[in-house]
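Just so it is clear, none of the values below were taken in a lab; they were calculated from the coordinates. All values reported here derive from a predicted model rather than from experimental measurement. No Cβ is skipped: glycine too gets one built from the backbone with ideal geometry, and neighbour counts run over all protein chains shown.
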Amino acid sequence: MTIRNWLRFFFSTLFLGGIITGIFGFLIRWSEFQPYFTEMNIGAIISTFIWLAGVGFTFSVVSQVGFFAYLFIHQFGLGVFRSLSLWNAVQIFITIVVLFDLVYLRFQNFAGEGESILPYIGLAIFILIAGLITAFFKAKTTSRTTFVSALFFMVVMTILEWLPVLATNEESWLFLVIFPLIACNAYQILVLPKYNRLSEEDRARRLEAQKNRPKKTGKTKANRT
């Protein structure tokens, strides 16, 4: 990817994370921010949106770091197992283990006495459904062989990126962060081919321009008498 397209990729993902968090932040914490709207406190609304967008920017960067880490992990896995089908099987196994741990460990650490496990299962199902939808569109727009890798990234890497907030188990923060992570991760894995294609076109145009550039003719020195 060329630097120009990488910057476009970076800032579009950053902007997406900020907008998603700014919008969903008001909805998730509506009981806290509702007075700003009922009293038409424009200054408070704008400052709160900027703060929420800043949170989104932060986790957008976390998402992008996770994405590029996964690109390395994916190539490393292919090199180690030397078979796409075997590497896909490993990714499926890891995805199942991570989803199980998300439910079991959170329930063991945070559930109160007599509390149902269903909310913990529901959160894992939500992430799985988001991953399946993204993986479906990824496979549809590229190749069926990318389905498992996209699902692995959307589930495993999203949960790993979510860990700092998972450790607090504060409900509003859990949802405030998961939405930009899912949105940014899905965006990156779906639009990466577009930016790679644009980079290839840019390189092709530069090569063509170099070929069409008029060659400089050297000047011959006149013999001195």
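Observations, loosely collected:
- Peptides 81-93, 183-195, 112-124 ranked from most to least packed, by the mean per-residue count of other Cβ atoms within 10 Å: 183-195, 81-93, 112-124.
- Euclidean distance between Cα centres, the stretch 124-172 to the stretch 41-59, Å: 26
- Estimated FRET transfer efficiency (TRP173, LEU71; beta-carbon r; R0 22 Å; 0.05): 0.20
- Given their separation in residues at 0.36 nm each and the Cα-Cα distance between them, PHE10 and TRP51 gain 12.8 nm when the chain is fully extended.
- Pairs of Lys residues in the chain are counted when their Cα atoms are under 28 angstrom apart and they lie 8 or more places apart or on different chains; the count is 5.
- Between the stretch 11-25 and the stretch 94-123, the Cα center-to-center distance that results, in Å: 28
- Projected label distance in nm at LEU84 and LEU27, using a 7 Å step from Cα toward the beta-carbon: 3.6
- Calculated Kirkwood radius over Cα pairs in Å (choose from [x] 19.8; [y] 19.1; [z] 20.4), label: [z]
- Neighbour net charge for VAL177 - beta-carbon separation under 14 angstrom, K R +1, D E -1: -2
- Approximate spin-label separation VAL61-PHE100, in nm, with each point projected 7 Å along Cα-to-Cβ: 3.7
- Label point at GLU208 placed 7 Å out along Cα→Cβ; residues across the stretch 1-27 whose backbone nitrogen lies under 20 Å: 1-5
- Modelled label positions at ILE121 and PHE137, each set 7 Å beyond Cα in the direction of Cβ, lie 2.9 nm from each other.
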